[in-house]
Amino acid sequence: MCLLQGCIRPDAFYGLYLTECAACHGDGFEGTGQGPALASTTPTEMGTQAALVEVITNGVPEKGMPAFGETLSANQIKRLAIQIAEVQLAGVKEGDFYNIKEAFTLPKEPLQTELHTFRVAPVATGLDPLPYAIAPLPDGRILVTEKKYGLRIVAPDGSLSPLLEGTPQTFTDVYEDPTLFIQYGGGWLLDLALHPDYAENGWVYMTYGDRCTACNDASRASGEDVSMLKLIRGRMAGNKWVDEETIWQADSSSYTISPDITLGGRIAFDDAGHLYFTVGMKGYNNHFGIQDLDQPAGKIHRIYLDGTIPEDNPFVSQPDALPSIWSYGHRSPQGLEFNPRTMQLWGTEMGPRGGDEVNLIQPGKNYGWPLHSLGLDYDGTPVSYGEQLGIEVDMATIELPKLDLTPSPAVSSFIIHDGSTFPEWKDNLIVGSLKATELYRMVVEGDEIVHKETIIKGFTRIRDIEHGPDGTIYLLLEHADGGQIVKLQRD
């Protein structure tokens with residue numbers, strides 16, 4: 001069992017655990033004669049962190065566990081609870097903290113959930129291990145982005161086309177943490193989505209990290225390339241990407257050397273001709289520009305399908321504010337969907353150490369980063385950068401998540417199911433995760449999430465989720481042995 005490399009990182013969290021808990025529960029959470037094992041490969045459900053906080057605070061006297069409520073601060077107790085809950089969520093896996101290399105096969109038996117039974121069926125294999133997005137086409141084919149390489153078409157029989165010619169240049173130079181299998185780089189293809197009238201006009205929208213050399217002061221000063229999210233649209237002619245148009249592009253002064261891994265770039269359409277897209281944190285640290293309305297990062301933007309700006313955007317008349325901004329204070333927004341039946345825009349967002357969020361996105365609202373989070377920063381301190389940034393924090397002005405996911409499952413993309421293939425899931429959020437390797441169903445009533453069910457456990461990393469034209473639910477999976485696409489079929 002690894003202790004300090006990969007599966008359990010040597011940070012403030014683990015140091016506190018070693019000092020306060022390891023004597024009874026083991027250096028690797030494996031348990032001793034004095035205390036039970038805390039590590040588990042069984043993913044946990046909501047409420048575990050709160051339960052752990054209560055146990056650590058009050059102890060379990062009948063089992064000989066002391067109370068720490070008077071000897072540790074509330075923040076230290078929260079750190080311990082998050083550390084233990086993370087291990088229980090992801091399991092302790094040798095050198096594979098982010099669950100991308102562990103052996104994986106599709107479940108052979110039907111999966112029983114509260115409302116439906118389904119199977120996971122293969123669609124396509126052989127993709128790059130770290131793909132990003134899929135877009136099912138009306139004719140049964142599926143578009144898929146391999147972020148470092150380009151755009152492919154998956155045929156109905158699962159075969160892969162060559163990379164399409166003419167898409168934006170991508171870059172394969174990355175920094176890879178050898179203990180985590182997480183890659184950092186710039187100039188990646190990200191999300192793609194079909195125009196609402198794709199059958200008539202053939203437009204495909206795509207986001208990517210637009211990368212350039214010596215194009216701003218930051219690049220010239222560092223000698224490194226910089227990038228920022230760019231939104232384009234184009235068409236397919238055979239195996240070529242043609243008719244490309246720029247729909248939205250930030251000023252080059254906002255491009256940074258920070259990698260594209262947190263850009264998000266997710267796209268959603270409403271039923272009134274608007275396009276929404278996410279731009280995650282993209283600064284030299286987690287805080288740069290996210291609370292600044294003259295910067296694109298840390299925002300959800302809203303434009304018309306041709307790139308023009310709606311006159312009713314919340315900051316369109318505010319001097320120095322980017323007129324495309326719809327909401328701000330976002331960290332790493334990984335999913336974005338509009339429900340035409342309820343007229344709601346929902347988003348998923350990764351926090352740091354805990355604090356993953358499911359948000360109801362509303363115009364002009366501030367979603368808090370980096371002024372506030374229900375998780376903790378990576379060093380174990382509270383997320384509270386208001387004083388450092390010269391911002392007085394008024395919690396009444398910060399929109400809190402409809403669902404906090406702590407410990408962080410590394411929440412990813414999602415859909416709002418239309419009920420065509422799983423009728424009892426209509427208007428439910430079907431949400432993926434990366435580190436937790438789980439698939440969730442979340443029930444919405446009005447403006448609130450009232451129930452969460454884990455419908456796949458012990459799976460693999462789910463990067464994207466999309467509907468097919470007939471309502472089929474497709475999942476895009478990451479794995480070191482190769483990415484793949486699967487679908488959910490009612491049993």
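Carbon and sulfur atoms: what percent of the 1.4 Å accessible area of the stretch 53-175 do they account for?
That share works out to 52 percent.
Considering only DSSP states other than H, G, I, E and B, which trypsin sites (Lys or Arg not before Pro) in the stretch 266-351 qualify as loop sites with at most 14 other Cβ atoms within 10 Å?
Answer in residue order: Arg341.
Leaving out ligands and nucleic acids, note down the accessible area per residue over the chain with a 1.4 angstrom probe, in whole Å².
39
Which percent of the accessible area of the stretch 364-483 is formed by carbon and sulfur heavy atoms (probe 1.4 angstrom)?
Values: 1780 of 4110 Å².
Answer for the stretch 364-483: carbon and sulfur cover 43 percent of the accessible area.
How do Trp248, Trp425 rank by accessible surface area computed with a 1.4 Å probe, from largest to smallest?
Greatest to least solvent exposure: Trp248, Trp425.
Cα-Cα over 20 Å: which of Lys148/Lys282; Lys402/Lys452; Lys435/Lys457?
none
Under 1.5 on a/c is rounded, so check that first for the stretch 187-315, then, if it is not, pick prolate when a/b is larger than b/c and oblate when it is not; a ≥ b ≥ c are the square roots of the alpha carbon gyration tensor eigenvalues.
Cα axes put the stretch 187-315 in the oblate bin.
Once you have a ≥ b ≥ c as the square roots of the Cα gyration tensor eigenvalues for the stretch 369-426, tell me rounded if a/c is under 1.5, and otherwise prolate or oblate according to whether a/b is larger than b/c. Walk me through the numbers before you get to the answer.
Values: a/c = 4.00, a/b = 2.27, b/c = 1.76.
Prolate shape, in that a/c is at least 1.5 and a/b is the bigger ratio.
As I understand it, the dipole of the stretch 384-491 uses +1 on the Cβ of Lys and Arg and -1 on the Cβ of Asp and Glu, about the Cα centre. Which of Val443, Ile465, Gly483 lies farthest toward its positive end?
Gly483
Using a Cα-Cα cut-off of under 20 Å, which aspartates and glutamates could be cross-linked to Lys108, ignoring same-chain neighbours fewer than 8 residues away?
Counting by Cα, and skipping residues close in sequence, Lys108 has these aspartates and glutamates nearby: Glu438, Glu478, Asp481, Asp491.
How big is the stretch 282-386 along each principal axis, measuring the range of its Cα positions in Å and listing the largest first?
43, 35, 18 Å, listed from the longest principal axis down.
Kindly sort Asp260, Asp251 by accessible area of their heavy atoms, largest first, with the probe set to 1.4 Å.
Putting Asp260, Asp251 in descending order of accessible area: Asp251, Asp260.
What is the helix-to-structure angle for 48-58, meaning the angle in degrees between its Cα long axis and the longest Cα principal axis of the chain, kept from 0 to 90 and rounded to the nearest 10?
Helix 48-58 and the main axis of the chain meet at about 30 degrees.
Determine the shape class of the chain: with a ≥ b ≥ c the square roots of the Cα gyration tensor eigenvalues, call it rounded for a/c under 1.5, and otherwise prolate if a/b is greater than b/c, oblate otherwise.
prolate
Sort Met228, Met350 by accessible area with a 1.4 Å probe, largest first.
Working: Met228 0, Met350 40 Å².
Putting Met228, Met350 in descending order of accessible area: Met350, Met228.
In degrees between 0 and 90, to the nearest 10, how far off the longest principal axis of the chain does helix 74-90 point, with axes built from Cα atoms?
Relative to the chain, helix 74-90 is tipped by roughly 70 degrees.
With an 8 Å cut-off on Cα pairs and a minimum separation of 6 or more residues, tell me the relative contact order of the stretch 307-434 in percent.
Relative contact order for the stretch 307-434 comes out at 22 percent.
The values are calculated or read from the model by the stated rules, or taken from the named source; none is laboratory data. Since the model is a prediction, treat every value here as computed from it, not as a measurement. Reconstructed Cβ throughout: ideal geometry from the backbone, glycine too, with neighbour counts over all protein chains shown. Surface accessibility is based on the protein's heavy atoms, side chains included, excluding ligands, DNA and RNA. Shrake-Rupley method; radii C 1.70, N 1.55, O 1.52, S 1.80 Å.
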